[in-house]
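Here is the structure we will look at.
What follows is calculated from the coordinates using simple rules that are stated; it is not laboratory data. This one's a predicted model, so the numbers in the text were calculated from it and none came from an experiment. Because the Cβ atoms are built from the backbone with ideal geometry, glycine has one as well, and the counts that use them run over all protein chains shown.
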Amino acid sequence: MTDVTSADAALAEALVPTVLAAGAAVMDIYRRDFAVETKGDASPVTEADKRAEAIILADLARLAPDIPVVAEESCAAGVIPDVADAFFLVDPVDGTREFIKRNGDFTVNVALVRGGIPVLGLVLAPARARLFVGVVGAGAAMLTLEDGRVAGRTAIEAVPAGDGSPRIIASRSHRTPETDAFIAGHPGASIVSAGSSLKFCLMAAGEADLYPRLGPTMQWDTAAGDAVLRAAGGMVTDMDGRPLAYGPKGGAGAAAYANPWFLARGAGKG
C-alpha cells in the first residue's frame, strides 16, 4: 500500500464519525414531520440536507483544511470553490425523493477526488444501518451499525457478470425510456430496484452486475458510490467506455459538475 493510499485510508476512518453524526441528524428529521422546499433546479430539499451538510463541512474543514469542498447545497446557494487536483464532493442526502417517501433508500455521501478519480468514498444508509467505505488501492467494506455505532465490518468485492442473464440495477425514482431500452437489450435480465448511491454499493457487495444511468446526475450524486465500487474492483464508465471523470467540465456554476450518461459494472467486463 502506497503512502498516499495509507493516508487516504486513515482519512476515511477519520470521516466515519462525521458521516455517522450527519446520519443521526438526518434520521432525527426523518422520524418527524418536515417541510419540503424546491430549489432552482426543481429538485426537493429538506432541513435534513442542510443540517447534514453543515456537520460534514465543519469536520472537513478540521480534518483537511487545505482541500476544497464542492457540496450540493452550498452549490445550490452559489458557493462553488475553485478546485485543483484534489477536492471533496459531498451530497448530504442523496435520494431526497426517497427520504420524502420514507422508503429508506437514501444516503449520506462524502468522496475525495484526486486527478479526476474518486479515490475515497463513504456512503451511509442511515435507515438501513449500513455504512460502505471504499479506498482505491485498499479495498472496500460494509460496516453494520447498532444504535448509531459501528458493530461489525465485512470486506466486500464486486463480482464478474455471468455470461447469462445479468442482474441490472434500476433507479426507483429516475427510470427513463433509454434505461428501459437498455434493459430490453439484455433478455432474461433480473431487475434490482434501489434508490440513491446504494446502487453502487450493492454492486460493490456483489449483489448486482450492471447499473445503467441514462439520465441526468451530478458528480456529488455519484462520486462516493463510484469510489466504493472502484475500491471493490468494479468500474464506472461513460457510454464510450472511458472511466467516468470528475472535476469541472465547463458550464456555469453547478452545471460544471454534471455527469454524462454512464454505466457501472461489477468486476470484469460484465
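Just a few scattered comments:
- Taking SER43, SER197 and counting other C-beta atoms within 10 Å, the order from fewest to most: SER43, SER197
- Correct option for Rg/Rh (Cα atoms, Kirkwood Rh) [calculated from the coordinates] among (i) 1.26; (ii) 0.94; (iii) 0.99: (ii)
- From most to least packed by mean Cβ count within 10 Å, the peptides 225-232, 236-243 give 225-232, 236-243.
- Karplus-based coupling profile of the stretch 152-158, in residue order and whole Hz: x, 9, 10, 5, 10, 8, 5, with θ = phi - 60° in 6.51 cos²θ - 1.76 cosθ + 1.60 and x standing for Gly or Pro.
- In the chain, taking the dipole from charged Cβ atoms about the Cα centre, the farthest positive-side position among SER171, ASN109, ILE183 is held by ILE183.
- In this simple spin-label approximation, MET27 and ASP66 carry label points 7 Å from Cα along the Cα→Cβ vector, and these lie 3.6 nm apart.
- Local net charge near SER190, Cβ-Cβ under 13 Å (Lys/Arg +1, Asp/Glu -1): -1
- Fewest-first ranking of ILE169, ILE100, using other Cβ atoms within 10 Å as the exposure measure: ILE100, ILE169
- The alpha carbon centroids of the stretch 1-79 and the stretch 201-252 are separated by 19 Å.
- Evaluating 6.51 cos²θ - 1.76 cosθ + 1.60 at θ = phi - 60° for every residue in the stretch 221-229, the Karplus couplings come out as 5, 10, 4, 5, x, 4, 4, 4, 5 Hz, glycine and proline recorded as x.
- Amide hydrogen neighbours beyond the local backbone of ILE169, cut-off 5 Å, H modeled: VAL192, ASP209, LEU210, TYR211
- Under-5 Å amide H pairs with SER196, H placed in peptide plane, nonlocal only: ARG172
- Around the amide H of ALA71, modelled in the peptide plane, lie the amide H atoms of VAL90, all under 5 Å away and 5 or more residues distant in sequence or on another chain.
- Counted charge near GLY253, where neighbours are those whose Cβ lies closer than 15 Å (Asp, Glu -1; Lys, Arg +1): -2
- The chain, helix-only ellipticity at 222 nm - DSSP H runs n ≥ 4, -39,500 (n - 2.57), divided by all residues, nearest 500: -9500 deg cm²/dmol
- Our coupling estimate for the stretch 79-95, obtained by passing each phi through the Karplus curve with A = 6.51, B = -1.76, C = 1.60 and θ = phi - 60°, is 9, 10, x, 6, 10, 10, 5, 10, 7, 8, 10, 10, 10, x, 9, 8, x Hz, Gly and Pro reported as x.
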